[in-house]
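Notes to accompany the following structure.
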Amino acid sequence: MKSGFANLIGRPNVGKSSILNRLIGEKLSIVTNKPQTTIRSMKFIYTDERMQIIFFDNPGYQKPKNKLGSWMNEQIFENIKDADVNLYVVDNSLETGRLDKEVFLLAETDNSKKALLINKSDLLNEEERSLLKEKYSDMELFDDIIFISATSGEGFDSLKDFVYDALYEGPLYYGEDEITDVSERSIMEELLREACLIHLDEEIPHGIYVELEEFDEEVDRIKARFTLYIERESHKSIIIGKNGNMINRIIRTAEREMSTFMDKKVKIKIDIKIRKNWRKDQVLLKRWF
């Protein structure tokens, strides 16, 4: 049995969380089309008959605008150093963006085994695949280049084979049936944050921290109360919406996703509290994350 640790690294919105959700076969990490969807690293545990891989779902690499952004990048740097294998992820664009170039600079100083995953490969034609293969091969930076699609499943066998070849014999770090180190309650917090990301304007949800305050589980249902901590008083009325329309939409979306995840009906209530500029507050960041 081989075992070890692997990272998925890339700028925001290249599909790292979607890849890991597909690999594990369970929606554990939230997915939206907005940057900074993932704000904390969580472990995904993949186990089969030949290996156990502990994947880190890292936040997207970014140019920090506050202490939270700096803290998120620090998670990436630490995880790169600790991993046995690093998987760098780009999307299917033929152009290389500024943040992609900065991610490649990280790869240049990374001495581990590393592959480049070109995501959303199901949307590429043969000519585009050939151009991308040549472009990234000419960089002479990666041990392998793998076309992958979280939608179609292409490339997942190649991904697992690459990681397997890079690992050494080792112990089972987690039980064979475990798929994450994060509690169900923490995932419920993330599902509520996902609902906020889906329904609210771009900047507001990134200033929201979600905390589960009360959790009452019965045989066929769960009742939970959450607190949304926000940075500005003016955001409160936006989150509530006219006649409560927005908060009700958020609740309905979150309840649906939580019910699917928990496999029983979930009903939630939400309180809103102000914590001004919490993303710049080092004390709060240490406590919350």
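The values are calculated or read from the model by the stated rules, or taken from the named source; none is laboratory data. Since we're looking at a predicted model, the values are computed, not measured. Here the Cβ positions follow ideal geometry from the backbone for every residue, glycine too, while neighbour counts run over all protein chains shown. Each accessible area value is taken on the protein alone, full model and side chains, heavy atoms only, with ligands, DNA and RNA left out. Shrake-Rupley method; radii C 1.70, N 1.55, O 1.52, S 1.80 Å.
Some notes on this structure:
- Residue match in region 267-284 (condition: among the polar types (S, T, N, Q) and under 30 Å from Ser70 (Cβ atoms)): yes
- Scope region 232-289; condition open to solvent by 90 Å² or more (accessible area, probe 1.4 Å), closer than 15 Å to Ile222 by Cβ and either of a type in the set (Asp, Glu) or out of contact with any helix residue (DSSP H, G or I) (no Cβ under 7 Å at 6 or more places or on another chain) (or both); matching residues: Arg256, Thr260, Asp263, Lys269
- As for region 82-104, it holds at least one residue that is among the polar types (S, T, N, Q), in contact (Cβ under 8 Å) with a residue 40 or more places away in the chain and either touching a His at 6+ places or on another chain (Cβ under 9 Å) or open to solvent by less than 20 Å² (accessible area, probe 1.4 Å) (or both).
- Screening the candidates Leu228, Leu192, Leu212, Leu132 for the property of being open to solvent by less than 10 Å² (accessible area, probe 1.4 Å) and part of a strand (DSSP E or B) yields one hit, Leu228.
- Pick from region 152-176, criterion loosely packed, with under 15 Cβ neighbours inside 10 Å and either basic (Lys, Arg) or in contact (Cβ under 8 Å) with a residue 60 or more places away in the chain (or both), ranking: nearest to Lys113 (Cα to Cα): Tyr168
- Selection within region 22-55 - in contact with a Lys or Arg (Cβ under 9 Å, 6 or more places away or on another chain), at pLDDT below 90 and part of a loop (DSSP other than H, G, I, E, B): Ser29, Ile30, Pro35, Thr37, Thr38, Ile39
- Any hit, region 58-76, residues being of a type in the set (S, T, N, Q), open to solvent by 10 Å² or more (accessible area, probe 1.4 Å) and modelled with pLDDT of 75 or more: yes
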